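Engineer: Sending over a structure as structure tokens; questions will come in a sec.
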Amino acid sequence: MLSQAEYQFALQNDFFSFMLRCFYHLNPQTKFLSASHIEVIASKLEKCRLGIIRRLIINLPPRSLKSLCASVALSLGILGIIQARNSFVSATGRILPTSSRAIAGTS
């Protein structure tokens with residue numbers, strides 16, 4: 001059994017764990033059936049988040065958890081990381097600091 005600190009560390013540093021938590025939060029009555037393709041998606045999306053992979057297309061049949069992984073969990077994970085750094089994402093996808101000087105261009 002993980003302690004609360006270990007659980008928080010896993011959620012912050014392992015995208016598969018975070019994606020699994022998102023699944024249970026959105027579908028509390030549904031049992032998660034792990035499959036190898038979900039682990040591959042999580043690994044590839046983590047590499048996207050880190051900037052190792054710059055373009056990714058996920059082609060899978062419907063109900064394969066593509067949207068949950070790529071649209072929901074990845075977005076929430078990135079926003080959580082950015083919020084922790086006191087930044088926000090612009091409409092172009094650039095990460096911008098939230099300081100008033102940086103926004104005004106007077107840094």
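Coordinate-derived values only; no laboratory data. If you're wondering where the values come from, they're calculated on a predicted model, not measured in any experiment. Heads up, the Cβs are rebuilt from the backbone with ideal geometry, glycines too, and the neighbour counts pull from every protein chain shown.
Engineer: Here's a check for you: in the range 33-57, which residue that is over 16 Å from the mean Cα position of the chain (by Cα) and surrounded by 10 or more Cβ atoms within 10 Å (Cβ to Cβ) is farthest from residue 71 (Cα to Cα)?
Structural biologist: Selected residue: 35.
Engineer: Can you find a residue in the range 18-32 that is in a helix (DSSP H, G or I), of a type in the set (Lys, Arg), under 10 Å from the mean Cα position of the chain (by Cα) and on the phi < 0 side of the Ramachandran plot?
Structural biologist: Taking every residue of the range 18-32 in turn, none turns out to be in a helix (DSSP H, G or I), of a type in the set (Lys, Arg), under 10 Å from the mean Cα position of the chain (by Cα) and on the phi < 0 side of the Ramachandran plot.
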